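The values are calculated or read from the model by the stated rules, or taken from the named source; none is laboratory data. All figures in this text were calculated on a predicted structure; none of them were measured in a lab. Positions of Cβ are backbone-derived with ideal geometry, glycine not excepted, and every protein chain shown enters the neighbour counts. Each accessible area value is taken on the protein alone, full model and side chains, heavy atoms only, with ligands, DNA and RNA left out. Shrake-Rupley method; radii C 1.70, N 1.55, O 1.52, S 1.80 Å.
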Amino acid sequence: MKAILLENIHSVAAEAFRRAGFEVDLRSTSLSEDELVAALPGVSVLGIRSNTNITPAVLDAGKDLLAVGCFCIGTNQVDLDSAAERGIAVFNAPYSNTRSVVELVMGEIVALARRLTEKTQRMHEGVWDKSAKGSHEVRRRTLGIVGYGNIGTQLSNIAEAFGMRVIFYDTADRLAHGNATRVGTLEQLLAESDVVSIHVDGRPGNAGLFGAEQFAMMKPGAAFINASRGMVVDEIALRDHIRSGHLSGAAIDVFPLEPKAQGDPFDSPLRGLDNVILTPHVGGSTQEAQEGIGHFVSDKLLRFVGAGSTALSVNMPQVAAPQPQGKFRMAYLHQNSPGVLAEINRLLADARVNVVGQSLSTRGEHGYVLTDTDAVLSDDTLSALRRSPQTIWLRTWQL
Ligand SMILES: NC(=O)c1ccc[n+]([C@@H]2O[C@H](COP(=O)([O-])OP(=O)(O)OC[C@H]3O[C@@H](n4cnc5c(N)ncnc54)[C@H](O)[C@@H]3O)[C@@H](O)[C@H]2O)c1
């Protein structure tokens, strides 16, 4: 089988595919629609990052394409429904860069408390301005985490190791890590925290979660951090509360409007404010995160191609392939209509083949069944299933 990996995907992915026997075409750039259409025949796996658009025309050209791996977090660049209709599974790496975000935020908590951006700026201007005014230890200060998911929980542990008191607010029922304490309302968190750090997800209801009312409820002198989504924060309201001195500083990594390309101009009401750290959405951008993403996505792609596992696919019904049982595995993607499982099992019973393991999952218009049997299925049995009108594809492995 052949894999094309575009956009400088970390070399661990190419190594994993080569180890699995793939021919790998590794490229540093993305490809245009026309270039992809020309390149895809004969390719089983396509690896991309955020600059390659996977359109219906590209998917149509991918006659041999089994899966697309997005070696990044987002999947907006892929027409997921069109891929699902054609039976092409899409995977991404939703968690691999979370530690990188946590380390940046922890650094910013200290940098804001010590007003480091101002100190370094003065030194570069050639001014020795040694003063403890406005500088604090973070030990014994309270960190309020809004959104206690993958990132919020890791930050909780690391901040406690720094000696901070951690409280958190989450709309879902989350287990408190270490000595962290859950608070019942956002208002309570805002009233108690010396630093508020936002780590909520991008659900539409979170747009404008932080505006003038919320900033006004924060403690005088508190600092504010957002490395989640730009749309969560009203930047003008944040600017006003920093200018008035009510908040001591902020660190912002994500913006409502972010430039598209490297080198594009950037503007924000937060530019030019004292003790405000602005970073270009780099929370998750580290070499280690890229390597983690390379491992994670190649692993999901190889488990799909090699064993039929759709676990963590973003557009397929999810079935985590169990350890192989029996002698034969059949993976069957079909239109989600009543009676498909009964039809499979009737065919197997007619062929006098025993099922030793079977998992079914549905997602929207599609259903996916993995069946392990104690005997190899004959071509006749498989052909009967392949001819069925609801069949999208059927793949088999001898175990
Ligand atoms: N800056 C970066 O480079 C970068 C990198 C990775 C992730 N992110 C972003 O960080 C955020 C957190 O990522 P994650 O992996 O921890 O997500 P997650 O889904 O694991 O956790 C989000 C948590 O927020 C909670 N939540 C949602 N809305 C809430 C609300 N209004 N009030 C309180 N709690 C709420 C959810 O219940 C969940 O526990 C996401 O928005 C993600 O896109 C940014």
Test: residue 97 is of a type outside the set (A, V, I, L, M), surrounded by fewer than 20 Cβ atoms within 10 Å (Cβ to Cβ), under 15 Å from the mean Cα position of the chain (by Cα) and within 16 Å of the ligand (Cβ to nearest atom): no
Qualifying residue in the stretch 167-175 (condition: hydroxyl-bearing (Ser, Thr, Tyr), more than 17 Å from residue 223 (Cα to Cα) and more than 9 Å from the ligand (Cβ to nearest atom)): no
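Suppose the filter is more than 11 Å from the ligand (Cβ to nearest atom), over 25 Å from residue 279 (Cβ atoms) and either open to solvent by 10 Å² or more (accessible area, probe 1.4 Å) or part of a strand (DSSP E or B) (or both); does residue 126 pass it?
Details: more than 11 Å from the ligand (Cβ to nearest atom): yes; over 25 Å from residue 279 (Cβ atoms): yes; either open to solvent by 10 Å² or more (accessible area, probe 1.4 Å) or part of a strand (DSSP E or B) (or both): yes.
Here the answer is yes, as residue 126 does meet what is asked.
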Residue in the stretch 188-220 that is least open to solvent (accessible area, probe 1.4 Å), counting only those that are of a type in the set (D, E, K, R) and within 9 Å of the ligand (Cβ to nearest atom): 201
Subset of the stretch 236-283 (residues that are basic (Lys, Arg) and either at pLDDT below 95 or in contact with a strand residue (DSSP E or B) (Cβ under 6 Å, 6 or more places away or on another chain) (or both)): 260
Condition check for residue 89: buried (at least 23 other Cβ atoms within 10 Å of the Cβ) and more than 16 Å from the ligand (Cβ to nearest atom): yes
Among residues of the stretch 104-123, those that are free of Cβ contacts under 8 Å to residues at least 12 places away in the same chain and either of a type in the set (A, V, I, L, M, F, W, C) or open to solvent by 80 Å² or more (accessible area, probe 1.4 Å) (or both), counted: 4
Strands (runs of 3 or more DSSP E) wholly inside the stretch 221-312 that include at least 1 residues being within 13 Å of the ligand (Cβ to nearest atom) and either open to solvent by 10 Å² or more (accessible area, probe 1.4 Å) or farther than 30 Å from residue 189 by Cα (or both): 276-278
Condition broken by residue 367, with the remaining ones in (1) assigned to a loop (DSSP other than H, G, I, E, B); (2) closer than 18 Å to residue 87 by Cα; (3) open to solvent by less than 50 Å² (accessible area, probe 1.4 Å); (4) not hydrophobic (A, V, I, L, M, F, W, C) satisfied: (1)
